[in-house]
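A short write-up of the structure that comes next.
The values are calculated or read from the model by the stated rules, or taken from the named source; none is laboratory data. Being a predicted model, the structure only gives us computed values, none of them experimental. As a convention, Cβ positions derive from the backbone with ideal geometry for all residues, glycine included, and neighbour counts pool all protein chains shown. Side chains included, ligands, DNA and RNA excluded: accessible areas come from the protein's heavy atoms. Shrake-Rupley method; radii C 1.70, N 1.55, O 1.52, S 1.80 Å.
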Amino acid sequence: MWRGGATTAFVARALRSRLLLDPIHHPVTSLAPISSARTSSSSSSTSSTAAANTIVEEAAAVAAVSVSQHTGSISDALRHYGKCYRELSKVRLSALVVATSGAGYVLGSGNIVDIAGLCCTCAGTMMVAASANTLNQVFEIKNDAKMKRTMRRPLPSGRISPAHAAMWATSVGVAGTALLAWKANGLAAGLAASNLVLYAFVYTPLKQIHPVNTWVGAIVGAIPPLLGWAAASTELSLNAMILPAALYYWQIPHFMALAYLCRNDYLAGGYRMFSFADPTGKRTAWVSLRNCLYMLPLGLFAYNWGLTSEWFSFEASLLTLGLTIGSLSFVLEPSPKTARRMFYGSLLYLPAFMAGLLLHRLPNEQKAHNLAEKSELDGVLYGADLQDKERATQKRQDRNPSSMQSRPPVAYASVAPFPFLPVPIYDS
């Protein structure tokens, strides 16, 4: 029960005990003659009023303290669960997913970007990403408890129960998918739902089974730009694959460097990463270099496919060349220093690549063509409606000849009695 109810009962009992004297504990007062009570009624009424005021003030103070404590407990609970929800959602990682989805939406738009649609797409993507990250932690409670990097998360530390976390993940996942289906389209909602299933129910258990989980996780990271493009243009085309391809190949060297740096931690947690069977780091470094080389022609493809201007092909080549040099140094000398350098270089590469795409983007011609066809179709339908209205009006006039304009009477007079005079002309 709320503390306010107990406080009210306490105040009532205090008032009764202070204002109504008990005959057992106060026999003299209870057995006093009625006449003496009448003679002293005037003096006792004043003192009882003062006592009643004092009791009311004390009760008000107690109630105020109780309400403040209750309010404090609510605010503490809100802060506690709000912090747990943020950590379960992995806000920074989810923000990166939202950024890639928003970039895909802008790239898939025509000459004008729908700001409201962009905001709804980002909000839906954020909720689905939060759901996927929460489910990932629900399934990996025991593993996270063994790793120094993750043992302070809400579930391993016991700050929130697994059932509560699962309910949070389900609610935000369903809400995000429904928002995308309502404000964007079914294709975007389907991509979001499939990515949630792929991340939580395929990639997460695969981390403890086989090193191929890194490549599956790269597919998960490449889907959000497609989601944004589909939300903007309602379809997918070849030039929509530039940013997803960049994200796919970028994630391999990024996570290879991370897996090399955290190799012992991943071993303690029971995760089968690629670096698990590569203590020297040579194979890990070569995989990173190979995927950096795959990213070199992406800028040229973006220009040839009409996604960006020619300047972007030059800038993207320079950016990828810098990341390739970092991975080459990791190949020549596999060490925590070179791995950390490549890792930080990958963190700088992705926002620079996305910024170049957005800065040099060309409007989606297919989206503009679809809008032109839609406007032309609307014009044809509008013209057909006008013709139908004109036909209906003409039919009504044919059925009601009296409503048609008749000749002025002077014209008949001019023709009949004076046939030799010209017939006057009247403007209708």
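Brief remarks on what is shown
- Of TRP168, ASN136, GLY158, farthest towards positive along the dipole that unit charges on Lys, Arg, Asp, Glu beta carbons give segment 88-210: GLY158
- Accessible-area ranking of CYS84, CYS262, largest first, probe 1.4 Å: CYS262, CYS84
- Whether segment 76-128 is rounded, prolate or oblate, judged on the alpha carbon gyration tensor where a/c under 1.5 counts as rounded: prolate
- Here ARG263 sits with roughly 50 square angstrom of accessible surface, probe radius 1.4 Å.
- Against the criterion of solvent-accessible heavy-atom surface with a 1.4 angstrom probe, HIS360, HIS164 sort, most first, into HIS164, HIS360.
- For segment 187-335, the Cα-based Rg and Dmax, in that order, read 16.9, 48 Å.
- Its Cα gyration tensor gives segment 88-210 an equivalent ellipsoid; the semi-axes, largest first and in whole Å, are 29, 14, 13.
- In Å², nearest 10: area of LEU258 left accessible to a 1.4 Å probe: 40
- With DNA, RNA and ligands ignored, accessible area of PHE255 (1.4 Å probe; Å², nearest 10): 80
- Charge dipole of segment 237-364 (Cα centre as origin; +1 on each Lys and Arg Cβ, -1 on each Asp and Glu Cβ, all else neutral): 320 debye, rounded to the nearest 20.
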